Amino acid sequence: MNDQSSGPAADLTTDEKIALTGGQDFWHLHSFPDKGLPDVMVSDGPHGLRTQKGDSDMLGLNDSVEATCFPPAVGLSATWSPRTAGAVAAAIAEEARAEGVSVVLGPGMNIKRSPLCGRNFEYFSEDPHLAGEMAVGYVDGMQDAGVGTSIKHFALNNQETDRMRVDVEVDERTKQEIYLRAFRSVVTRSQPWTVMCSYNSVGGTLVSQNHHLLTEVLRDQWGFEGVVVSDWGAVVDRPASVAAGLDLQMPADTGAEQDLRDAVAAGDYDQGALDRAADRVAALILRSAENADPDAAYDRDEHHAVARDAARKAIVLLTNDGTLPLAPDADVAVVGDFAQTPRYQGAGSSHVIPTRLSSALDAIREATGTEVPFARGFVPGDKADSALVEEAVEVARNAGTVLVFLGLGEDVESEGYDRTDMELPAEQVALLQEIQKVNDRVVVLLSNGSAVRFPSALLDASAVLETWLLGQAGGEAVADVLFGAVTPSGKLAETVPLRLEDVPSFLHFPGEASRVQYGEGLFVGYRGFDARGLDVQFPFGYGLSYTTFDYSDLELSSDDDGIHVALTVANTGERAGREVVQAYVSVPGSKVARAPRELKGFAEVELEAGASERVELTLAHADLQYWSVALHGWAVEGGTYHVAVGASSRDLRLEGDVEVTGDETIPEVTGATTPLEIAEMPGGEEKLESFMSSIGLMADPEMRKMAEQIPIGRLTGIGNVSREDLAAFIDSLNQR
Ligand code: BGC
């Protein structure tokens, strides 16, 4: 904690400190140049800069400077490559410095609780481990380059419906293990310069006023040292927010500033909270100034290449009957508006004006060196147009292979609102069916920010590539994969279910009357599909390749750092390729509810045809922890852990068991403790035996079973135990 009297805001007057707790305008912090605190600018957004030098807004409607548009989180996470996230973030940092921006407002890292969330394109995964690793890669990449991040939206902001008011009801364990876990990884490992608090409320209190989240969890439990900034417009009561642990309200709000002045003047306001907030904001300004470089510049071509590399790794090959890759001289036709007018990023505050934009159509024409025929087929957001369909059918009829580009338009998927179903637009599916009537070599390329349901026409296609949203170099990346210059290697960061009704959160999303209950608990995404034994269209972690990989020689061991996994991966196919090796853990016989398997480690490995490599992973101690409701803290359960390693959550190639030493502290025994709990304590069984047999309760097995769940304090009545004997027994158990 800052020393209140000597922190970096120590020389400021109370009014100046109050000013520091809010923005100067939409994108700037307050500055006091004569006190050594210069102007600092922040800017959206996660997959490229949205720096507004003119009129400001938060929904991306007004102009911003040109910047490289990298793949949004939905694409980036499909790479399963924190290294790639780091390279993208480092490039964004260079652009930020060149534009005079000190903090980039990202990455977005909320858990994808439902495929319907309109903002899923801006989030990494349904799995907290993958989301956390990608975010750590991103934050390190950006901050190592001297630009701050703002991990967002903290916390439990998993839907757009009623996002400014909705109150989340979630149980303690689910909150920690699923929704806070990735934030915890980033805060404890990478110390982001800022954390952005979300709009919604949790447990009846707005996050922007939530002392538990902003102070107890973020600072006391995780040791966060940076600035808590509000999401734009998340604060309704600045004095209450600052008291709860918020440091900076954005954007400027002069009324709120006056409220804080009045509260301080009234005399009973916690001046320490104001001092701490001002110190932290002042420290952020100083750090920004140290890292600013008026001569910074960047190379647009280089950054476009970084965007292309990330996009190549993000494409997920979902099905392929051998049609792909295409020969460079293949006779192809292209259908679908998205081939010409790419859907390459999401709508809202993260919207970037790209430095250039490649369409898949242009890239395919370039790759083949021919004027490949093209028909639009549909206009996104419009009703079916029979003339467009007929034209597309004619183009498709005589082609060797038809490449059909389908997907979701911004009309159905955006920041600010949720989708109402998981369907591809009906007119696009109908178009695909018409094309399939005249040509049986049809490859479908999907552009969408979150999973769509697969109608039978999609399953009938010769191949399907899920391209998510790929940023400005997506067109080139698509051509690279189609014609085999690059072997596809993306993996699903979210399950593709058979039907929306199967999604674990289905019955509880998006709630009503400004309340949402996270009733599926821990069983979000694949955890829920696996626990209920449901079939899925494509499982979490899935993605095909043009080559094949063999897994062998699994070795497991464990120590204080966690579980060490080593295995050999060999590229047994004909092409170079990248494989993402995934390690899932289960704890058979665990005393707490657990999903059948949970991702706890992964690694990418690039192999030439015929090459092999020993891959080593550590499933870190912190990642093996579960949240103990009894202890209100993190703990590793001791026992046998089952580790399964494979190419997806449902393609597990190698399995083995390893003993893990637990680190659970034993809770204090009280009258509310049961014999069952005592039996699990070291030496407990023995003491219990002698105590219980002295009162005849362990005599026969049925009696024992019944007695096991009686809190021992109740035995004074039921078991006729004297208070003194009970107290002595409890004492003996607590002497450790
Ligand atoms: C979004 C944030 C964004 C901010 C500033 C808000 O509406 O939720 O993600 O950083 O606006 O544009």
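The values are calculated or read from the model by the stated rules, or taken from the named source; none is laboratory data. Quick caveat, the model's predicted, so the values are computed rather than measured. Counting neighbours? That spans all protein chains shown, and the Cβs are built from the backbone with ideal geometry, glycine included. To get the accessible areas, we keep the full protein, side chains included, count just its heavy atoms, and leave off ligands, DNA and RNA. Shrake-Rupley method; radii C 1.70, N 1.55, O 1.52, S 1.80 Å.
Within the stretch 63-77, the presence of at least one residue that is surrounded by 24 or more Cβ atoms within 10 Å (Cβ to Cβ), within 15 Å of the chain's Cα centre (by Cα) and hydroxyl-bearing (Ser, Thr, Tyr) is confirmed.
Of the helices (runs of 4 or more DSSP H) contained entirely in the stretch 615-694, those carrying at least 3 residues that are open to solvent by less than 10 Å² (accessible area, probe 1.4 Å) fall at 684-694. Can you tell me how many residues within the stretch 369-414 are within 16 Å of the ligand (Cβ to nearest atom) and at pLDDT 95 or above? Total satisfying the criteria: 0. Restricting 284, 317 to residues that are farther than 30 Å from residue 214 by Cβ and buried (at least 19 other Cβ atoms within 10 Å of the Cβ) narrows the list to 317. Residue check: residue 365 meets all listed conditions (1) touching a residue at least 24 places away in the same chain (Cβ under 8 Å); (2) open to solvent by 50 Å² or more (accessible area, probe 1.4 Å); (3) farther than 25 Å from residue 449 by Cα but one, namely (1). Evaluating residue 291 against the criteria (1) away from the ligand (no atom under 16 Å from the Cβ); (2) in contact (Cβ under 8 Å) with a residue 60 or more places away in the chain; (3) touching a Ser or Thr at 6+ places or on another chain (Cβ under 6 Å) leaves one unmet condition, (3). Reported count of residues in the stretch 43-77, each being among the hydrophobic types (A, V, I, L, M, F, W, C) and in a loop (DSSP other than H, G, I, E, B), is 7. Filtering 169, 94, 122, 160 for residues that are surrounded by fewer than 24 Cβ atoms within 10 Å (Cβ to Cβ) and within 16 Å of the ligand (Cβ to nearest atom) leaves a single hit, 160.
Here's the yes/no breakdown for (1) aromatic (Phe, Trp, Tyr); (2) surrounded by fewer than 24 Cβ atoms within 10 Å (Cβ to Cβ); (3) within 13 Å of the ligand (Cβ to nearest atom); (4) more than 20 Å from residue 135 (Cβ to Cβ):
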{"position": "192", "(1), (2), (3), (4)": "no, no, no, no"}
{"position": "213", "(1), (2), (3), (4)": "no, no, no, no"}
{"position": "219", "(1), (2), (3), (4)": "no, yes, no, no"}
{"position": "232", "(1), (2), (3), (4)": "yes, yes, yes, yes"}
{"position": "241", "(1), (2), (3), (4)": "no, no, no, yes"}
{"position": "245", "(1), (2), (3), (4)": "no, no, no, yes"}
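Residue 322 meets each of the listed conditions (1) outside any helix (DSSP H, G or I); (2) open to solvent by less than 20 Å² (accessible area, probe 1.4 Å) apart from (2). Residues in the stretch 1-42 that are among the hydroxyl-bearing types (Ser, Thr, Tyr) and part of a loop (DSSP other than H, G, I, E, B) were compared, and the one that is farthest from residue 298 (Cα to Cα) is 5. Given the structure, is residue 100 more than 13 Å from the ligand (Cβ to nearest atom), under 19 Å from residue 248 (Cβ atoms) and assigned to a loop (DSSP other than H, G, I, E, B)? Yes, satisfied. Of all residues in the stretch 665-722, those satisfying the criterion of being acidic (Asp, Glu) and in contact (Cβ under 8 Å) with a residue 24 or more places away in the chain are 668, 680, 708. Contact map, the stretch 146-159: first residue under 14 Å from residue 40 (Cβ atoms), second residue hydroxyl-bearing (Ser, Thr, Tyr), Cβ cut-off under 8 Å, separation 6 or more or different chains; pairs are 147/102; 148/102; 148/194; 148/288; 150/194. Within the stretch 339-346, not a single residue is over 28 Å from residue 68 (Cα atoms) and buried (at least 18 other Cβ atoms within 10 Å of the Cβ).
In summary, residue 66 fulfils each of the numbered conditions (1) touching a helix residue (DSSP H, G or I) at 6+ places or on another chain (Cβ under 8 Å); (2) away from the ligand (no atom under 13 Å from the Cβ) with the single exception of condition (1).
Here the strands (runs of 3 or more DSSP E) wholly within the stretch 156-231 that include at least 3 residues being not charged (D, E, K, R) are 194-197, 227-230. With (1) in the same structural domain as residue 460 (by TED's automatic domain parsing); (2) open to solvent by 10 Å² or more (accessible area, probe 1.4 Å) as the list, and residue 310 as the residue in question, which single condition is left unmet? For residue 310, the failing item is (2). Taking the criterion of being loosely packed, with under 15 Cβ neighbours inside 10 Å and among the aliphatic types (A, V, I, L, M), the residues of the stretch 376-429 that qualify are 379, 387, 426. Here residue 254 fulfils each of the conditions (1) within 16 Å of the ligand (Cβ to nearest atom); (2) more than 28 Å from residue 592 (Cβ to Cβ) apart from (1).
For (1) more than 11 Å from the ligand (Cβ to nearest atom); (2) modelled with pLDDT of 95 or more; (3) assigned by TED's automatic domain parsing to the domain that holds residue 245, each residue gets a yes or a no:
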site	(1), (2), (3)
18	yes, yes, yes
27	no, yes, yes
40	yes, yes, yes
44	no, yes, yes
47	yes, yes, yes
58	no, no, no
72	yes, yes, yes
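Filter the stretch 221-230 for residues that are polar (S, T, N, Q) and away from the ligand (no atom under 14 Å from the Cβ) and give the result. The one that is polar (S, T, N, Q) and away from the ligand (no atom under 14 Å from the Cβ): 221.
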